[in-house]
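One structure below.
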Amino acid sequence: MIPEPTGKGIQIAEDVYLTNECSGQLDRILSRPFRFAIGGNECVSLLRGSAAAYWKDLPNEPDPTKAVRFLTTWLQILRAFFMALWVVRDNAVNCELGFLEHDVPSQGLTHASNFIAALFSTARGGTDRITFSIADVRRAREYFSSFFLPVMYGRDVGSGIAFEPPMKPPPAVISAKGVHRLPRLLYFLGAARCATDLGVKVSLYMTCLEILFSTEANELTHRLSERVAFFLRRDPGERFAVYKRLRRAYGIRSKVVHGSVMSEGIQKELPEVATDIDELLRQLILTIISDEAARGVFDMDDADLEDYFARLVVGLA
């Protein structure tokens with residue numbers, strides 16, 4: 001929810017706006033045929049909703065098949081913007097449906113709709129309503145432009161029509177050799193944010209950290225916890241606190257991936273642990289976005305990365 005009035009909307013990409021004044025802004029865009037195509041309930045939900053993203057003056061696509069692909073691309077990139085909102089604050093912001101009106105020769109106005117099935121949840125697995133200021137949304141827009149859109153889809157917001165296909169296709173196997181660490185990180189982070197089972201969510205969070213910090217499988221729990229602690233913190237006491245938090249999360253991850261059952265005590269800890277690791281990941285990604293040197297660490301191959309972390313732990317990096 002954005003409590004401040006946005007008017008026309010907050011621009012998140014070229015000619016794409018996010019507004020909380022849905023009835024005022026969308027009422028003038030939705031033609032009568034468009035409203036019939038959307039359906040009464042969906043139209044009311046759209047006009048009375050807390051926020052909507054719209055693109056008013058998009059180029060017409062006369063081919064119906066390409067139009068649906070265009071709409072799907074739009075939804076995918078909007079999803080990347082929601083990932084950027086997560087860097088600002090944990091949330092469960094989602095777009096359930098997208099609609100498109102286009103003109104097909106010899107057929108006239110035609111309409112399409114589509115959706116992305118997996119929905120984000122908060123670190124605790126819920127869908128709590130979260131408040132964002134206009135400044136928050138603009139900050140997310142910067143993260144979206146500089147990091148999420150290039151890393152997830154290989155696109156630059158400033159390079160022409162931001163949402164126009166063709167998009168860089170995702171790898172058929174995200175863990176294939178040659179796929180950079182950062183796209184792999186965001187793939188598993190997206191999966192974690194969609195998981196409602198907190199044990200699975202924590203496990204996927206830990207996979208995110210393994211992607212960035214692991215170079216071999218030996219003593220993984222200790223090595224990963226130590227590396228993350230040294231990378232994110234400078235104070236010894238804070239490093240030790242992060243180390244302990246990660247080891248606790250790794251214990252949960254091990255039970256989940258190996259099919260073990262959890263005691264009631266561990267189940268009660270899950271919301272706190274999930275929130276804890278979610279916040280550490282947010283700090284990590286914000287560091288990567290804002291610090292070019294930190295981002296460069298994850299461009300290293302495994303041998304150089306191993307050497308970097310060894311030097312970091314002994315105080316030489």
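Just so it is clear, none of the values below were taken in a lab; they were calculated from the coordinates. All values reported here derive from a predicted model rather than from experimental measurement. Cβ sites come from the backbone with ideal geometry, for glycine too, and all protein chains shown count toward neighbours.
Beyond a 26 Å Cα-Cα separation, which of these cross-linked pairs lie in this structure: LYS201/LYS268; LYS66/LYS201; LYS244/LYS268? Write out the running numbers ahead of the final one.
Working: LYS201/LYS268 15 Å; LYS66/LYS201 35 Å; LYS244/LYS268 18 Å.
Going by Cα-Cα distance, LYS66/LYS201 fall outside the 26 Å limit.
Once the Cα atoms of helix 198-213 and of the chain are each reduced to a long axis, what angle between those two axes, in degrees from 0 to 90 to the nearest 10, is obtained?
Tilt of helix 198-213: around 70 degrees.
For region 184-313, what is the relative contact order in percent, using Cα pairs closer than 8 Å and at least 6 residues apart in sequence? Walk me through the numbers before you get to the answer.
Values: 113 pairs, mean separation 34.6, N = 130.
With pairs under 8 Å counted, the relative contact order is 27 percent.
I need the shape label for region 10-153. Rule: rounded when a/c is under 1.5, else prolate if a/b > b/c, else oblate, with a, b, c from the alpha carbon gyration tensor.
prolate
What is the order of ASP90, ASP299, fewest Cβ neighbours within 10 Å to most? If you can, show how the numbers build up before the last one.
On the way: ASP90 20, ASP299 11.
Least to most surrounded, the residues fall as ASP299, ASP90.
How far is helix 134-143 tilted, in degrees, relative to the longest principal axis of the Cα atoms in the chain, given as a value from 0 to 90 rounded to the nearest 10?
The answer is roughly 70 degrees.
For SER133, what is the net charge nearby, where nearby means another residue's Cβ is under 14 Å from its Cβ and Lys, Arg count +1, Asp, Glu -1?
Working: positive: ARG89, ARG138, ARG139, ARG141; negative: GLU4, ASP136.
My count for the surroundings of SER133 gives +2.
Fewest to most neighbouring Cβ within 10 Å: what's the order for SER290, SER225, SER260? Don't skip to the end; give the middle numbers.
Working: SER290 13, SER225 23, SER260 10.
The most exposed by this proxy come first: SER260, SER290, SER225.
With a 10 Å Cβ neighbour count serving as the proxy for reagent exposure, in which order, fewest first, do PHE231, PHE132 appear?
PHE231, PHE132
State whether region 170-317 is rounded, prolate or oblate according to the following rule on the C-alpha gyration tensor (a ≥ b ≥ c being the square roots of its eigenvalues): a/c under 1.5 gives rounded; otherwise a/b larger than b/c gives prolate, and the remaining case gives oblate.
oblate
Give the aspartates and glutamates reachable from LYS255 as a straight Cα distance under 16 Å; neighbours fewer than 8 places away on the same chain don't count.
Partners found: ASP197, GLU264, GLU269.
Relative to the longest principal axis of the C-alpha atoms of the chain, give the angle of the C-alpha long axis of helix 236-257, reported between 0 and 90° and rounded to the nearest 10°.
70 degrees
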